[in-house]
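The values are calculated or read from the model by the stated rules, or taken from the named source; none is laboratory data. Since the model is a prediction, treat every value here as computed from it, not as a measurement. Methodologically, a virtual Cβ is constructed for each residue, glycine included, from the backbone with ideal geometry; neighbour enumeration extends over all protein chains shown.
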Amino acid sequence: MELSLTTRTVGDHTVLEVGGEVDVYTAPRLRERLVELIDDGARKVVVDLGRVDFLDSTGLGVLVGALKRLRTVQGTFGLVCDKEPLLKIFRITALDQVFPIYPTVDAAMAADSAGPGA
């Protein structure tokens, strides 16, 4: 399956909608897009995994790398995911303790706009 990447701006947030499979073959495209967004000035990034059917360790590594890159520029990073199979991956790897994960894009933006500790 192919990887689809769609970017939109909502207020001061950059939302990257990801669809398909994020694996060893497609993760480099996701990495390139995230790096491009951050290098172009995006500081509040929300990655919507709502249309992702599969996510492997390479994809997780890309998301961790984006989080680290944003932290170095005082940015914020949130994930949108409500699919139990994907949420299970985040729990098993304890990355649910690293990433703020929200059920909707609106929830992610509202939490980010409320500031730290929201």
Checklist entry - Within the set of pairs 6+ apart or on separate chains, which have a first residue in the range 4-22 that is farther than 18 Å from Leu67 by Cα and touching a residue at least 24 places away in the same chain (Cβ under 8 Å), a second that is in a strand (DSSP E or B) and of a type in the set (Phe, Trp, Tyr), and C-beta atoms under 7 Å apart? => result Glu21/Phe54
Next on the checklist: closer than 22 Å to Met109 by Cβ and either assigned to a loop (DSSP other than H, G, I, E, B) or out of contact with any helix residue (DSSP H, G or I) (no Cβ under 8 Å at 6 or more places or on another chain) (or both): is that true of Gly20 in this structure?
Outcome noted: no
Checklist entry - Is there a residue being within 25 Å of Asp40 (Cβ to Cβ), part of a helix (DSSP H, G or I) and in contact (Cβ under 8 Å) with a residue 12 or more places away in the chain anywhere in the range 74-94? => result no
Next on the checklist: So, in the range 95-105, how many residues would count as being crowded, with 18+ Cβ neighbours inside 10 Å, of a type in the set (Val, Ile, Thr) and not in a helix (DSSP H, G or I)?
Outcome noted: 1
Next on the checklist: Being out of contact with any Pro (no Cβ under 8 Å at 6 or more places or on another chain) and not in a strand (DSSP E or B): is that true of Arg31 here?
Outcome noted: yes
Next on the checklist: Within the range 6-31, take every residue that is in contact with a strand residue (DSSP E or B) (Cβ under 6 Å, 6 or more places away or on another chain), modelled with pLDDT of 95 or more and surrounded by fewer than 19 Cβ atoms within 10 Å (Cβ to Cβ) and give me the one that is farthest from Leu60 (Cα to Cα).
Outcome noted: Arg8
Checklist entry - Only one of (1) under 16 Å from Leu95 (Cα atoms); (2) surrounded by fewer than 19 Cβ atoms within 10 Å (Cβ to Cβ) is not met by Asp40, so which one is it? => result (1)
Checklist entry - Do we have any residue at all in the range 24-46 that's in contact with a Cys (Cβ under 9 Å, 6 or more places away or on another chain), touching a residue at least 24 places away in the same chain (Cβ under 8 Å) and among the β-branched types (Val, Ile, Thr)? => result no
Next on the checklist: Being over 13 Å from Gly78 (Cβ atoms), in a strand (DSSP E or B) and among the β-branched types (Val, Ile, Thr): is that true of Val52 here?
Outcome noted: yes
Checklist entry - Is one or more of the residues making up the range 102-111 among the β-branched types (Val, Ile, Thr) and under 19 Å from Thr9 (Cα atoms)? => result yes
Checklist outcome for this item: Checking Leu55, Leu70, Leu34, Leu60 in turn, the sole residue that is surrounded by 13 or more Cβ atoms within 10 Å (Cβ to Cβ), at pLDDT 95 or above, more than 20 Å from Gly19 (Cβ to Cβ) and in contact with a helix residue (DSSP H, G or I) (Cβ under 7 Å, 6 or more places away or on another chain) turns out to be Leu70
